[in-house]
Amino acid sequence: MRVMLIVNPFATATSPAGRDALVNTLSAHFPVDVEHTTHRGHAGELGARAVADNYDAVIVHGGDGSVNETVNGLLGPPWRSAPTRLPALAVIPGGSANVFARTLGIDPDPLQATRQIIDLLDHGSHRRVGLGHSADRWFLFNAGMGIDAIIVHAMEDKRHAGKAATPARYLRTTIASFLRNARDTKTFTVTAAGHDPVEDTRFAFISNTSPWTYLGRREIRINPATGFGTRLGVFAATSTGVLRNLPLATRLVAGRTPKARHVFRDDDVAWVAFAAPEALDVQMDGDYIGAFTDIRFDHRSDVLDVVAPAGEPTVNR
């Protein structure tokens, strides 16, 4: 088995000692070519090289952004036919949220996850999952326009300033961003397959699976019935008012089905489009990708082979 290990040495939850330990553990079981990312987009370049060089598996040790880059490198742009032979993808969590890995049932602890991945590879435990995509980029678990993209943008600015992306800082940034933008008048239109357009939307999320994200150990499920075996989930809100959204946030944190008069939700649609009169922030898998006036999200089933337990478990730890 030819294995490439892609390591993001700048990921939130990694350390030199921890990286050495997991490399030694992996290398004791099969030959591993270790590659450290050095710049934005490097994981994607390495993913493309893994395809060209016929690796059997690619293991990513980093956060969700590194995994997203790698997958986009493995598959190439959505408008192009994917390679006929792709390495299996495995993830050893190394970021602050690790949504994709945890949703697949991978242990949040990097060393425990390493042993788990070895066992899964030894037993050939793979799953095929579907992915969401825009015209030129794949996403693994969620995308959004409006407040979540504003929060992601703010967090990226803080990371660039040398501040760690801790759950506490993420929560503070979320609350501050929501309060700061509660009276923002910018709106956009959300159109989902099979539904009438939702006008005057203030923020909207697209899900490829559930949970949408994690708040520490707590799962936040905005589209509970969406999964890797369904199509896309959509969640659109026409108000950013604190009084209207506080009960909704309480339901989400409590793990109850999200319901509110100002929310449109469907857990299984073929496509979703956003259209705005002025460019608004958009994020994919927790990475800020820029501001857009028009963007459409589609779904493609059974596109990626992942190393994971059977079924669709989540790890809530």
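Being out of contact with any Leu (no Cβ under 6 Å at 6 or more places or on another chain) and within 23 Å of L243 (Cα to Cα) is a condition met by no residue of region 131-143. Among all residue pairs at least 6 apart or on different chains, which show Cβ distances below 8 Å where the first residue, located in region 92-110, is farther than 15 Å from R218 by Cα and the second is open to solvent by 10 Å² or more (accessible area, probe 1.4 Å) and among the hydroxyl-bearing types (S, T, Y)? Listed by first residue and then by second, the contacts come to G94/T12; G94/T14; G94/S66; G95/T12; G95/S66; P110/T14.
Taking the numbered list (1) over 30 Å from A279 (Cβ atoms); (2) without any contact (Cβ under 8 Å) to a residue 40 or more places away in the chain; (3) surrounded by fewer than 19 Cβ atoms within 10 Å (Cβ to Cβ) in turn, A176 passes all entries but (1). Among the residues here, E45 does not qualify as in a strand (DSSP E or B), over 23 Å from H123 (Cα atoms), modelled with pLDDT of 95 or more and of a type in the set (D, E, K, R). Listed by position, the strands (runs of 3 or more DSSP E) inside region 212-317 whose residues that are of a type in the set (A, V, I, L, M, F, W, C) and surrounded by 14 or more Cβ atoms within 10 Å (Cβ to Cβ) number at least 2 are 232-237, 263-269, 271-284, 287-307. Of all the residues in region 80-126, those that are under 14 Å from the mean Cα position of the chain (by Cα) and buried (at least 23 other Cβ atoms within 10 Å of the Cβ) number 12.
Contact map, region 253-276: residues that are touching a residue at least 60 places away in the same chain (Cβ under 8 Å) and farther than 19 Å from S239 by Cα paired with residues that are of a type in the set (D, E) and open to solvent by less than 60 Å² (accessible area, probe 1.4 Å), Cβ distance under 8 Å, separation 6+ or inter-chain. Pairs shown: A270/D298; W271/D298.
Selection of first residues in region 3-18 that are within 27 Å of V51 (Cβ to Cβ) and aromatic (F, W, Y) and of second residues that are open to solvent by less than 30 Å² (accessible area, probe 1.4 Å) and part of a loop (DSSP other than H, G, I, E, B), restricted to Cβ pairs under 8 Å at least 6 apart or on distinct chains, gives the following pairs, ordered by first then second residue: F10/T37.
Scanning region 34-67 for residues that are open to solvent by 40 Å² or more (accessible area, probe 1.4 Å), charged (D, E, K, R) and closer than 23 Å to L104 by Cβ yields E35, D56.
Restricting attention to region 228-249, the residues that are of a type in the set (V, I, T) and more than 13 Å from I147 (Cβ to Cβ) total 2.
Could we say that D200 is assigned to a helix (DSSP H, G or I), of a type outside the set (V, I, T), open to solvent by 10 Å² or more (accessible area, probe 1.4 Å) and out of contact with any Phe, Trp or Tyr (no Cβ under 8 Å at 6 or more places or on another chain) here? Answer is no for this residue. Selection over region 59-98 of residues that are part of a helix (DSSP H, G or I) and in contact with a helix residue (DSSP H, G or I) (Cβ under 6 Å, 6 or more places away or on another chain) gives a count of 8.
The values are calculated or read from the model by the stated rules, or taken from the named source; none is laboratory data. Quantities reported herein were computed from a predicted structural model and do not represent experimental measurements. For neighbour counting, all protein chains shown are included, and Cβ atoms are generated from backbone atoms with ideal geometry for every residue, glycine included. Side chains included, ligands, DNA and RNA excluded: accessible areas come from the protein's heavy atoms. Shrake-Rupley method; radii C 1.70, N 1.55, O 1.52, S 1.80 Å.
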